[in-house]
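Here the structure comes first, spelled out in structure tokens, and everything after it is commentary.
The values are calculated or read from the model by the stated rules, or taken from the named source; none is laboratory data. Since the model is a prediction, treat every value here as computed from it, not as a measurement. Cβ atoms come from the backbone with ideal geometry, glycine included; neighbour counts cover every protein chain shown.
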Amino acid sequence: MKASDLFVRALEAEGVEYIFGVPGEENLDLLESLHPSPIRMVVTRHEQAAGFMAATLGRLTGRPGVCLSTLGPGATNLVTAAAYAQLGAMPMLMLTGQKPIRSSKQGAFQIVDVVDMMRPLTKYTRQIVAAAGIPAKVREAFRRASEERPGATHLELPEDIAREQCDAPLPPASQARRPVADQKAIVRARRALEKARHPLLVIGAGANRKTSSRMLQRFVDTLGIPFCSTQMGKGVVDENHPLWLGCTALSDGDFVHRAIAAADLILVVGHDVVEKPPFFMREGRRTVIHINYVSAEVDSVYFPQIELVGDIANTMWRLQNEFEPQPHWDFSFFDRVREALCAQVREGADDPRFPMLPQRVVADVRQCMGEQDFVCLDNGIYKLWFARNYRAARPNTLLLDNALATMGAGLPSAMAAALLHPERKVLAVCGDGGFMMNSQELETCMRLGLNLTVLVLRDDAMGMIRWKQEEMGFADYAMTMGNPDFVKYAESYGARGHRPESAEAFAPLLAQCLARDGVDLIDLPVDYSQNGPILNHELRERADAL
């Protein structure tokens, strides 16, 4: 059997359905072997977008997404996507080509050491030097990508190895179950909860899995402990729940931070150090219980006293079964925090000004989206408004990146969601800066026949950095830019382009776009003039007054 055929058989054995990428000369044997395979090759217009799509597939399914590039410049274009998957704990496998390693007629043309380049950005990276090693290398790459903590892996297949003949057998995939938390640690956590007066649940990125979501929802319903989340923990427990206390979208000074400061015991479920810490620990101030698949990565601001290491869903189920609400628990201050938060979130939700305020944009988007529909955010100042104001009802329905926090991922992320779930509405929310980094993928959307809407929030500037510039007292400098006519730009790809002329026109237009097949783009002017006054000053003052 040809080695490239064996490679494809190994991918099929792992359940791969899609490969996203931009093939090159060095991939042609592999491409020929993929031709009769049920695996679908999805050609994108840039390798970075292919990597973002593969990582999002991994995030939504729990199985590694696969992307492909050629050697040299193709492989270097995957670097940002590798970091995106690695920091975001999204299982992904990158496949890159390479010149023949046993002989070469081109010297060092296009040659970079891709394996060494990928080493600090992946959990596992290998060059395949013999066809007989393909089955084991593929199996190990998938195992490593899926193993806690999930992330990126990489395999390089040189041209001459791809053409070898080999009949190596495929190793069967192992059936492994996650370990569970130690019973003595469960007892310690239960005793600490019994002593607490103001316990609080903080949900992080690592809990954003379906089974964890179900058990955490049941835990909150049964014990009645209020909860908040980090940005990547949004939707793990339905944020329409009466015990919701908000999201730690800002670094500090928000209402949710007052609740955290008042807690004498915090159950931190799925904390991931890639996100900014939701609170700073001080010795002796409170008890912190770390609940995660992996032990805590201790630093100067996070050193939990109790750790429950193992399957999160199992841990929450056992805690719930071995415990009951305590009569001395006091959540009265948390109730005040919730009332203040909800009142503030409602402000601006129907503001008629145009260009639109981000508060109104978030409220109108929430109105148009169902509980299972996807809102896929790029990175910009609007991400903070969505994290604070958009109530996610299901895990991984507000797809945002608070790990690498790279621009350019919003549209590819939405494309992967639309490909996997054509039955759901999909909305990509991008700033004009982030959208232009991968806007060429509109052609890929049209070619694939995807159904999605792209909302471009246009302020003709780098809004997030402009806000930080203002917060630091610096002059407004080097943040403005020009843009194409986004309506005509969308239409040039065959998509439908729209530009509402009032705040009142936006929600009906968005609902219309989401309800039909095909690709729509909405060019929406947005007013960020309130970012500084509200996010830097007003929120802190109102939270301090609680």
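Among the candidates A54, A132, A83, A136, the residue that is in a helix (DSSP H, G or I), within 16 Å of A162 (Cβ to Cβ) and of a type in the set (A, V, I, L, M, F, W, C) is uniquely A132.
Among the residues of this structure, M118 counts as one that is within 30 Å of V273 (Cβ to Cβ) and out of contact with any Gly (no Cβ under 8 Å at 6 or more places or on another chain).
For region 190-210, a residue qualifies if it is crowded, with 16+ Cβ neighbours inside 10 Å and either among the hydroxyl-bearing types (S, T, Y) or within 15 Å of R286 (Cβ to Cβ) (or both), and the qualifying residues are A192, L193, A196, H198, P199, L200, L201, V202. Is region 278-292 home to any residue that is closer than 25 Å to E471 by Cβ and within 22 Å of the chain's Cα centre (by Cα)? Yes, that holds for at least one residue.
Filtering region 266-291 to residues that are farther than 21 Å from Q231 by Cα, out of contact with any Asp or Glu (no Cβ under 8 Å at 6 or more places or on another chain) and at pLDDT 85 or above leaves nothing.
Within region 364-384, at least one residue is touching a His at 6+ places or on another chain (Cβ under 8 Å), crowded, with 24+ Cβ neighbours inside 10 Å and not basic (K, R). Scanning region 306-325 for residues that are surrounded by fewer than 17 Cβ atoms within 10 Å (Cβ to Cβ), part of a loop (DSSP other than H, G, I, E, B) and either among the charged types (D, E, K, R) or free of Cβ contacts under 8 Å to residues at least 24 places away in the same chain (or both) yields E322, E324.
Conditions (1) modelled with pLDDT of 95 or more; (2) part of a helix (DSSP H, G or I); (3) under 27 Å from H257 (Cβ atoms), marked per residue:
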residue	(1), (2), (3)
A349	yes, no, yes
A363	yes, yes, yes
A393	yes, no, yes
A405	no, no, yes
A416	yes, yes, no
P422	yes, no, no
M436	yes, yes, no
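Can you report the number of residues in region 86-109 which are surrounded by 17 or more Cβ atoms within 10 Å (Cβ to Cβ) and part of a loop (DSSP other than H, G, I, E, B)? Within region 86-109, residues that are surrounded by 17 or more Cβ atoms within 10 Å (Cβ to Cβ) and part of a loop (DSSP other than H, G, I, E, B) number 5. The residues of region 335-348 that are surrounded by fewer than 21 Cβ atoms within 10 Å (Cβ to Cβ), touching a residue at least 24 places away in the same chain (Cβ under 8 Å) and either hydrophobic (A, V, I, L, M, F, W, C) or in contact with a helix residue (DSSP H, G or I) (Cβ under 6 Å, 6 or more places away or on another chain) (or both), listed by number, are A340, V345, G348.
Look at (1) over 29 Å from T230 (Cβ atoms); (2) within 18 Å of the chain's Cα centre (by Cα) and you find that L411 fails only one, number (1).
Only one of these is within 30 Å of V138 (Cβ to Cβ) and either at pLDDT 95 or above or among the small types (G, A, S) (or both): A192, A173. Name it.
Being within 30 Å of V138 (Cβ to Cβ) and either at pLDDT 95 or above or among the small types (G, A, S) (or both) holds for just one of A192, A173, which is A173.
Would you say V288 is free of Cβ contacts under 8 Å to residues at least 40 places away in the same chain, touching a strand residue (DSSP E or B) at 6+ places or on another chain (Cβ under 8 Å) and either not assigned by TED's automatic domain parsing to the domain that holds G151 or not charged (D, E, K, R) (or both)? Answer is yes for this residue. For region 151-170, a residue qualifies if it is within 22 Å of T76 (Cα to Cα) and either assigned to a loop (DSSP other than H, G, I, E, B) or under 23 Å from the mean Cα position of the chain (by Cα) (or both), and the qualifying residues are G151, A152, T153, H154.
Scan region 39-49 residue by residue and report those that are crowded, with 24+ Cβ neighbours inside 10 Å and touching a residue at least 60 places away in the same chain (Cβ under 8 Å).
In the first step, residues of region 39-49 are kept if they are crowded, with 24+ Cβ neighbours inside 10 Å; the result is 44, 47-49.
Residues satisfying the conditions are T44, Q48, A49.
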